[in-house]
Amino acid sequence: MNLDAVRQQFEQRAFDYDGLIPRLIPHYREQQDLILQLIPFETNANIKVLDLGAGTGILSALILQAFPQAKVLAFDIAQNMLKICQTNLSAFGKRLRLQQGNFAEDDFGSGYDLVVSGLAIHHLDSAGKQHLFHQLFQSINPEGILLIRDIVTGATPKLTEQYEKLWRQYMKVNGEDDTAWFQNYLKEDIPSSVEEQTKWLAEAGFADAGCHWRYLNFAIFGAVKS
Ligand SMILES: C[S@@+](CC[C@H](N)C(=O)[O-])C[C@H]1O[C@@H](n2cnc3c(N)ncnc32)[C@H](O)[C@@H]1O
């Protein structure tokens, strides 16, 4: 599936995304709590933040709330996701900027102290992810950090199969059509293992590349630009 098809999918899903996503992603809110805890800056720090694949702005909102001096760029390919983001986060005024673009090829700026990305980078293939990690290294300030939560594969095909089976059970228990969502995932998503991705982050120049949290085929990982 190409990125234009990914964009179309999210244009359609924008309106019920916030209610739906915790039913599809295990520990969705717990992941966010940990992402906030992993941000090493003082709460009054004047930080410049990029939210890559920001969607409806769930991570952006948490950061703007927790860091009252922070300024965030919410970057996303889908106009409807950004529209909901703008509505949901209107209270933050000029501290939030929105930009529509494709992070695989468009300029998302530089000088960031923090880059977060939730459930978005798995739409790129292995080469695309490696290219993005090099771009992100250029975009982040020294001492800046990168935090990614995403769907990943297991370290072996057998583990991937086991994790995906348990993931489908999670969706089913939540009343979702796991067969339909899983077919969609097979068509739309190109996950890589967290082991490969932390290696690619180190190869891009980052320090302390590692996995902070993992549950089945979901992980929070990241790195620091020293
Ligand atoms: C599953 S949503 C995640 C939203 C939010 N970050 C979260 O953690 O819940 C993925 C978002 O990434 C965006 N996206 C996917 N590929 C993209 C790309 N190449 N460039 C920019 N945005 C992209 C989609 O439009 C969608 O809004």
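How about region 97-149: which of its residues are in contact (Cβ under 8 Å) with a residue 60 or more places away in the chain and of a type in the set (Lys, Arg)?
LYS129, ARG149
Which one is nearest to GLN69 (Cα to Cα) among residues in region 1-53 that are crowded, with 16+ Cβ neighbours inside 10 Å and touching a His at 6+ places or on another chain (Cβ under 9 Å)?
Out of the qualifying residues, it is ILE35.
Scan region 183-194 and tell me whether some residue there is in contact with a Leu (Cβ under 8 Å, 6 or more places away or on another chain), surrounded by 15 or more Cβ atoms within 10 Å (Cβ to Cβ) and among the hydrophobic types (A, V, I, L, M, F, W, C). Working first, answer last.
Our first condition is that a residue be in contact with a Leu (Cβ under 8 Å, 6 or more places away or on another chain); within region 183-194, this holds for 190.
Narrowing further to those that are surrounded by 15 or more Cβ atoms within 10 Å (Cβ to Cβ): 190.
When the remaining residues are screened for being among the hydrophobic types (A, V, I, L, M, F, W, C), the result is 190.
Yes, the conditions are met somewhere in region 183-194.
Please indicate, with yes or no, whether at least one residue in region 179-189 is within 26 Å of LEU36 (Cβ to Cβ), within 16 Å of the ligand (Cβ to nearest atom) and of a type in the set (Lys, Arg). Give the steps one after another, and end with the answer.
Filtering region 179-189 for residues within 26 Å of LEU36 (Cβ to Cβ) gives 189.
From the residues that got through so far, the ones that are within 16 Å of the ligand (Cβ to nearest atom) too are 189.
Among the residues that remain, those that are also of a type in the set (Lys, Arg) are: none.
Within region 179-189, none of the residues are within 26 Å of LEU36 (Cβ to Cβ), within 16 Å of the ligand (Cβ to nearest atom) and of a type in the set (Lys, Arg).
Any residue in region 63-84 that's of a type in the set (Gly, Ala, Ser): show its pairings with residues that are more than 16 Å from the ligand (Cβ to nearest atom) and not in a helix (DSSP H, G or I) at Cβ separation under 9 Å, as long as the two are six or more apart or on different chains.
Within 9 Å, the pairs are ALA66/THR43; ALA70/PHE41; ALA70/ALA45; ALA70/ASN46; ALA70/ILE47; ALA70/LYS48; ALA70/ASP113.
Name the one entry in GLY101, GLY144, GLY111 that is over 18 Å from ILE47 (Cβ atoms), among the small types (Gly, Ala, Ser) and either surrounded by fewer than 23 Cβ atoms within 10 Å (Cβ to Cβ) or more than 9 Å from the ligand (Cβ to nearest atom) (or both).
Working: GLY144 fails: over 18 Å from ILE47 (Cβ atoms); GLY111 fails: over 18 Å from ILE47 (Cβ atoms).
Going through GLY101, GLY144, GLY111 in turn, just one is over 18 Å from ILE47 (Cβ atoms), among the small types (Gly, Ala, Ser) and either surrounded by fewer than 23 Cβ atoms within 10 Å (Cβ to Cβ) or more than 9 Å from the ligand (Cβ to nearest atom) (or both): GLY101.
For region 170-182, which positions are surrounded by 12 or more Cβ atoms within 10 Å (Cβ to Cβ), within 23 Å of the chain's Cα centre (by Cα) and without any contact (Cβ under 8 Å) to a residue 24 or more places away in the chain?
Let us first name the residues in region 170-182 that are surrounded by 12 or more Cβ atoms within 10 Å (Cβ to Cβ), namely 170-172, 174, 176, 178, 181-182.
Subsequent filtering for residues that are within 23 Å of the chain's Cα centre (by Cα) retains 170-171, 174, 176, 178, 181-182.
Residues satisfying the conditions are ASP178, PHE182.
How many of the residues making up region 24-50 are of a type in the set (S, T, N, Q) and within 13 Å of the ligand (Cβ to nearest atom)? Full working, then the answer.
The initial filter retains those residues of region 24-50 that are of a type in the set (S, T, N, Q), namely 31-32, 37, 43-44, 46.
If we keep only those that are within 13 Å of the ligand (Cβ to nearest atom) too, we end up with 31-32.
Of the residues in region 24-50, 2 are of a type in the set (S, T, N, Q) and within 13 Å of the ligand (Cβ to nearest atom).
When you check GLY57 against the structure, is it surrounded by fewer than 21 Cβ atoms within 10 Å (Cβ to Cβ) and at positive phi, yes or no? I'd like the intermediate steps shown before the answer.
Values: surrounded by fewer than 21 Cβ atoms within 10 Å (Cβ to Cβ): no; at positive phi: yes.
Judged against the criteria, GLY57 is not a match.
Condition first: near the ligand (Cβ under 10 Å from one of its atoms), of a type outside the set (Phe, Trp, Tyr) and without any contact (Cβ under 8 Å) to a residue 24 or more places away in the chain. Can you find one or more residues in region 52-59 that meet it? Spell out the reasoning first.
Looking only at region 52-59, we keep the residues that are near the ligand (Cβ under 10 Å from one of its atoms), and these are 52-59.
Going one step further and asking which of them are of a type outside the set (Phe, Trp, Tyr), we end up with 52-59.
Narrowing the set further to residues that are without any contact (Cβ under 8 Å) to a residue 24 or more places away in the chain leaves none.
Looking through region 52-59, none of the residues is near the ligand (Cβ under 10 Å from one of its atoms), of a type outside the set (Phe, Trp, Tyr) and without any contact (Cβ under 8 Å) to a residue 24 or more places away in the chain.
Go through LYS83, LYS94 for me and flag whichever is over 15 Å from the mean Cα position of the chain (by Cα), of a type in the set (Lys, Arg) and away from the ligand (no atom under 14 Å from the Cβ).
Only one candidate passes the filter, namely LYS94.
Write out, first by first residue and then by second, each pair whose Cβ atoms fall under 6 Å of each other, whose residues are 6+ apart or on separate chains, and whose first residue, in region 211-226, is farther than 10 Å from ILE145 by Cβ while the second is of a type in the set (Phe, Trp, Tyr).
These pairs meet every condition: CYS211/PHE221; LEU216/TYR163; LEU216/TRP167; ASN217/TYR163; ASN217/TRP167; ILE220/TRP213.
Out of (1) free of Cβ contacts under 8 Å to residues at least 60 places away in the same chain; (2) of a type in the set (Asp, Glu); (3) under 22 Å from ASP16 (Cβ atoms), the odd one out for GLU188 is which?
The single condition GLU188 does not satisfy is (1).
Does ILE25 fit the bill of being closer than 17 Å to GLY109 by Cβ and among the β-branched types (Val, Ile, Thr)?
no
Read the figures in this text as sums done on the coordinates, not as results from a lab. Since the structure is predicted, the reported quantities are computational estimates derived from the model, not experimental observations. Cβ sites come from the backbone with ideal geometry, for glycine too, and all protein chains shown count toward neighbours.
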